[in-house]
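Beneath this line is the structure, given in structure tokens, with notes to follow.
The values are calculated or read from the model by the stated rules, or taken from the named source; none is laboratory data. Not measured: the values here are computed from a predicted model. Note: areas computed on protein heavy atoms with side chains; ligands, DNA, RNA excluded. Shrake-Rupley method; radii C 1.70, N 1.55, O 1.52, S 1.80 Å.
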Amino acid sequence: MLIDITCTPPQKDVVVSEFQPNTLLNVIAGPGSGKTRTLCSRIAWLMSEQGGSLRENEILVLSLTNRAVDDFKHKLQNLMGQEMAERAHVMTFHSFAASVIKERYADWQLLEDEDLKRLCELVPNTASKGHSTNMSTMKEVIRKARYITEDQLEQYETSEIKSKYGFDKETFLKIRSLVGSHNMFTYEDMLFECNDILKSGPVPEFVNAYKVVIVDEFQDVYPLLADIILELSRNKHLTISGDPNQSIYGFMGATPEKNWKRVAANYNKESKKLITLSQAFRSTPELLQLFSKILGQRQMNLDECVKNSANFPPVRMSFDSMDDELKFIFNEIQRLIKCSGGKIKYSDIAVLSYTNQEVDTAYRYFNERKKNSNEADLGINRLNSTPRWLRTQLSILIQYMKILIDPRQNFSLLSSLNLLERVGLATVNTIYINALSNKMYVWDYLNDEKLMQDAKLPKSISTFVNFLDHVRSTLDPNNANAIMQTLLIMGEKFGLKQKLITSKLTEQQLEEYESCLRSIHKSLRQNASLRPADESLLQFYLSNYNSHVLLDPKSNFAKLYNENEVNFSTIHTAKGLEFPIVFILSPNNFNLSDYRRRRVVYVGLTRASALLYFNRLRNQYVYSIDGAPETTSKLNEKASSNPDAVHRMKMLEKTAQAYVSEYNQTPKIAVCGNSPPNLSTNKDLSRLLSVMGRSYKRTMDLNLGADALKFVPMVVRKLSHR
Ligand SMILES: Nc1ncnc2c1ncn2[C@@H]1O[C@H](COP(=O)(O)OP(=O)(O)OP(=O)(O)O)[C@@H](O)[C@H]1O
């Protein structure tokens, strides 16, 4: 089978579109309209005999995040089988840039943010004492230092450097020699460099071999990525697909309308085609209604909802504090699982929020509750775009690995020395300046007996140098256990552990560190079998530790989520994914009158397919769905005179009843998309119920456990229709 037979006519149109060089296919569609799935079918078609008989190295698929790539591969696997999906060239822009750079500079290195911090520490601002260089200045300096020619360097005046970066020429030269000697790139620089290589050539062979370039999530492409796409797709066919309403990288300069126009302007009328997918497959009509409202003026471009009504509106709850909210979510999840008799799995559920900080708070809360409750089987999964440990001090382990392979890597060695006992920044700086003035690598300088005699360096340095020398000659670089053991010894003996202790880690942070270490070890072991014959495990790990291949080896193709784990994520990381049940944490700092923020909320909400909890803290109103705050008397008036309002009230009442949990918690409820906003307390609810001619009694609440169970089968029915 070449085309998924469930494809709708417009989807099929996308699948079988032409792919002549210098043509453009533009697919625009709303959330859950099947963009990603249709692109997968297109790939299968292009590779089929009937389609284009293209080989896997002739089609390049680019997306923005590792998760989106994993999701794409997963869908591809469902369609084409594991083997084909594994071979397909699906990658993030950064992975693509890394492979282009690797062709040019065999010894290139990636500077993680933690490395940048180290670099800032190693090169303190000598111009104004006590004030060290910040990360963004350092990024600028690194870029300038790499590209500046010798001639330009001569002309580069101290005054210009000082006014731009706040330090003198000597400091600039130091940084230049640190980054230049090893071709170090920040994530951003990788993209700049890649664009330069594509522009001025020579372009690597593997890039020339692509005949079709496909870009998913085009709405989030920012100008630099648009440059790369335009360079890359010269003399090739280009398919782009996206939803302008889901653009959430405005802060990086993503301006979807502009980018679409810019790319389209490159093609004449005959060579470009626009296809709009207007059916919505993912979410229920009730959810779609809410999504559309959130967008306000800009309605969704979807005219047909394929799913049947779930007869259950999105839930909008109001809480006094985040703690209250998390308590509710934890209990609610238990309740959903229990009531569904196990049909709902933890992995069907996602808890999403705007900031990493909020997600971390929720994650920690669940961890604590899990420990103290008997829900031993409840697992929690934090979706991250980079492995957690790379964002901590543990990332020094990467520098340790680098010097185990090649101790002449100045930056890695200096960063490691900087952790040693009694070795302060001043000492590290002196070592570096002395090595530079002798035109030597730091490693060679430290091994020069004559120079060392006069240097009067702390003993810990020579101990470290001797250890490194010894371990390099004895370590088996293909043995995961031996590598891990060496790293642990290095951490224990040469300052990392001490640093962790002095930074007074809480018990929970310590636990995180341990789990980070375990994950590195696991990754090393799992990847021992993946490494190519001509690369040691250590080298292989270093060139891939930050690509999605090593984050979750093989499992990309097996299962995206673990059945026993509830997923926690920022909305940005969850982009492109879908879950039957989604909780959006009440957006603490959301100013939803800001259209860009609304888009983020919109992306979060549109991840849900069956049941959505869009929480809020007290007094937060989203005007398009809550309306303006109203007084109770106004509400009463409306309720008695307006049949529509009476209907809404009835719905509210029903929903309120459904949410009185079996744990006898009194609900704090303002429910469903249409709810008037002031029903956030029990007092309000009581007033509402009296308007409806019913007296509100707490005892009645407590008897509603059975009603609360009623709606769960509906959810289950929906889930089983997925
Ligand atoms: N023709 C179809 N028949 C049945 N289900 C479909 C069809 N097309 C798409 N779907 C389903 O709709 C859901 C959404 O598809 P997909 O993730 O490809 O949408 P998307 O447009 O990429 O979404 P988003 O923009 O939110 O990332 C998936 O569960 C997919 O299997």
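Tabulated data
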| read-out | value |
| --- | --- |
| Above-threshold pairs, the threshold being 19 Å between Cα atoms, out of Lys12/Lys75; Lys370/Lys575; Lys236/Lys258 | Lys370/Lys575; Lys236/Lys258 |
| Span from the region 3-67 Cα centroid across to the region 185-246 one, whole angstrom | 17 |
| Å² per residue, accessible surface of region 351-443 at 1.4 Å | 41 |
| Share of carbon and sulfur in the accessible heavy-atom surface of region 367-490 [1.4 Å probe, %] | 47 |
| Relative contact order %, region 146-271, counting alpha carbon pairs below 8 Å whose residues are six or more apart | 20 |
| 5 angstrom amide H check on Gln109, placed H, neighbours 5+ away | Met184, Phe185 |
| Solvent-accessible area, 1.4 Å probe, carbon plus sulfur percent, for region 25-148 | 46 |
